[in-house]
Structure formats: structure tokens, C-alpha cells
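A short write-up of the structure that comes next.
Throughout, read-outs are computed from the coordinates displayed, never taken from laboratory work. These figures come from a predicted structure and were not determined experimentally. Note that we place each Cβ from the backbone using ideal geometry, even for glycine, and neighbour counts take in every protein chain shown.
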């Protein structure tokens, strides 16, 4: 069973090296940028929901 898990782990590691290593840091930068875009969208939506709740008297 141990050999099976090591084989799966090595296959996953080789696939990451094969696909992600040539990309370099561009993939990391893209993920960080998408995270910030998602954060901005989420915070703007939260502000709208909070404003609507205050108008309806749902929160004090």
C-alpha cells in the first residue's frame, strides 16, 4: 500500500513540475491578482448588503 501512495505522490509531483515550472511566477501572480479582484467584489457586495439591512432596520 505504501508503494501505491508513493507512486501517486510522485505522479502528482511530476505533473506539477511539468506544467507549473515552465510558467514560473506568472501563475502565482495571476492567482494573487484574482484573489484581490475577488476580495474587492466581495467587499463591495458586503457593503451593499449592509446598507440595505440598515435601511430595512434589520441591524442597529
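Among 58, 3, the order by Cβ neighbours within 10 angstrom, fewest to most, reads 3, 58. The ranking of 18, 1 from fewest to most other beta carbons within 10 Å of each one's beta carbon is 1, 18. Two numbers describe the Cα atoms of the chain: Rg and Dmax, which are 21.8, 62 Å. Compared with the dominant Cα axis of the chain, that is its longest principal axis, helix 26-56 is turned about 20°.
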